[in-house]
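**Student:** First the structure, which I've put down as structure tokens, then a few questions once you've had a look.
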């Protein structure tokens, strides 16, 4: 079978995140398995401004090469860089199905860009459709839908202008960009404890990211990540990952910030920040898995998804975010949660990638 592989290629900066001069990504759309980006955020592009984290959601050549190698164990693979001419390449190559990894370049609907093209061309693809991808990227819309269906989410408020108040929320508060992933815009000082701190962070987000800010009540309990594979009654949760905040540098806030994900945690010196399988009792595990599977179905996610969960002061799981286009960094030292859960379930990286493709093929009626 001919499988398309769509992605956004992260530029290789060869080190820790740095402030870039601006420009656009470059690189061979057929990266070799030996190439690596060093886990950095890379150079800004796609109209997102000269930000240190502009490419944090995009995939390094090493990741793209690893996914390609896994798929090539069974299929012919056509690599298509979403930053080039994806429409022309898809029309020219007409793959039987596309393994989609493309996060998009700019705007709140960027994750739906490639799937929308595929829908128009009638080409099947892995993972969720444009509506689900775009809905889940907007944290407030996700919370509104989940709350309507009775799923627990932290109280929140969307600040889209500089003149606002906390709308009755109780401190401490978390302040995040409304539609970003990969901890973009979530810094150690995103956890605020006063009105002055809250307003400063909101103003910084409005100025830096040119998008609204999500202000939500902070949940002080443990944090977990659930990786889901499958559709319908066959959807299952892989072993849970817990984030161990006591592994962070002393004095920092207990949140999975941009610093924790991209600066303090380097593949050359990884933090012992994750535990998988998480050590929790059967009752709490069942409660988390149930909430995540309900969220997965309510939001109409397909094939695979990663869902972040945090406990409140009473130990009740709340849905933080839903990620229907999960990251899959290949090396264990990269601390990528979905492959970590798969390994705990006895699945190799190659088997995980091909299982996602098989699940999508079954859904699409392909053999």
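All of the numbers you see were taken from the coordinates with simple rules; none came from a lab. This structure is a prediction, so every number in the text was calculated from the model and none was measured. Cβ atoms come from the backbone with ideal geometry, glycine included; neighbour counts cover every protein chain shown.
**Student:** Using only alpha carbon pairs under 8 Å that are at least six residues apart, calculate the relative contact order of the chain and give it in whole percent. Walk me through the numbers on the way to the answer.
**Tutor:** Numbers: 778 pairs, mean separation 60.9, N = 367.
Here the relative contact order equals 17 percent.
**Student:** Continuing with the same structure: Using a Förster distance of 25 angstrom, determine the FRET efficiency expected from the C-beta separation of residue 351 and residue 87, and round it to 0.05.
**Tutor:** Numbers: r = 32 Å, r/R0 = 1.28.
According to the calculation, E is roughly 0.20.
**Student:** Full-extension gain between residue 106 and residue 195, please, as 0.36 nm times their residue separation minus the C-alpha to C-alpha distance.
**Tutor:** Values: separation 89, 0.36 × 89 = 32.04 nm, distance 3.05 nm.
Result: 29.0 nm gained on full extension.
**Student:** Pick the calculated Rg/Rh (Cα atoms, Kirkwood Rh) for this structure from (1) 1.06; (2) 0.97; (3) 0.94?
**Tutor:** Read-out taken from this structure: (3).
**Student:** Measuring from label point to label point, each 7 Å out along Cα→Cβ, what is the residue 367 to residue 149 span in nm?
**Tutor:** So the label points at residue 367 and residue 149 sit 3.4 nm apart.
**Student:** Now, a different point. Debye sum, Cα scatterers, the range 223-364, no solvent: what log₁₀ I/I(0) at q = 0.15 1/Å?
**Tutor:** Listed by q, the Debye log ratios stand at -0.75.
**Student:** Turning to a different aspect of this structure: Residue 246 versus residue 333, label points 7 Å from Cα toward the beta carbon: distance in nm?
**Tutor:** Distance between label points: 2.6 nm.
**Student:** Continuing with this model, one more query. How far is helix 139-148 tilted off the main Cα axis of the chain, in degrees rounded to 10, range 0 to 90?
**Tutor:** 80
**Student:** May I ask for the angle, rounded to the nearest 10°, between helix 282-298 and the longest principal axis of the chain, with both axes built from Cα atoms and the value confined to 0 to 90°?
**Tutor:** Compared with the principal axis, the helix lies near 60 degrees.
**Student:** Quick one: which of 187-200, 70-83 comes out on top by average Cβ neighbours within 10 Å, and what's the full order, highest first?
**Tutor:** Working: 187-200: 16.7, 70-83: 18.7.
So the order, starting with the most tightly packed, is 70-83, 187-200.
**Student:** What ranking, highest mean first, results for peptides 291-303, 243-255 when packing means the other Cβ atoms within 10 Å averaged over each residue?
**Tutor:** Numbers: 291-303: 21.1, 243-255: 14.7.
Ranking, from highest mean packing down: 291-303, 243-255.
**Student:** Shifting gears a bit: Quick check: residue separation of residue 163 and residue 208 times 0.36 nm, minus the Cα distance between them. What number comes out in nm?
**Tutor:** Details: separation 45, 0.36 × 45 = 16.20 nm, distance 1.67 nm.
14.5 nm is the gain from fully extending residue 163 to residue 208.
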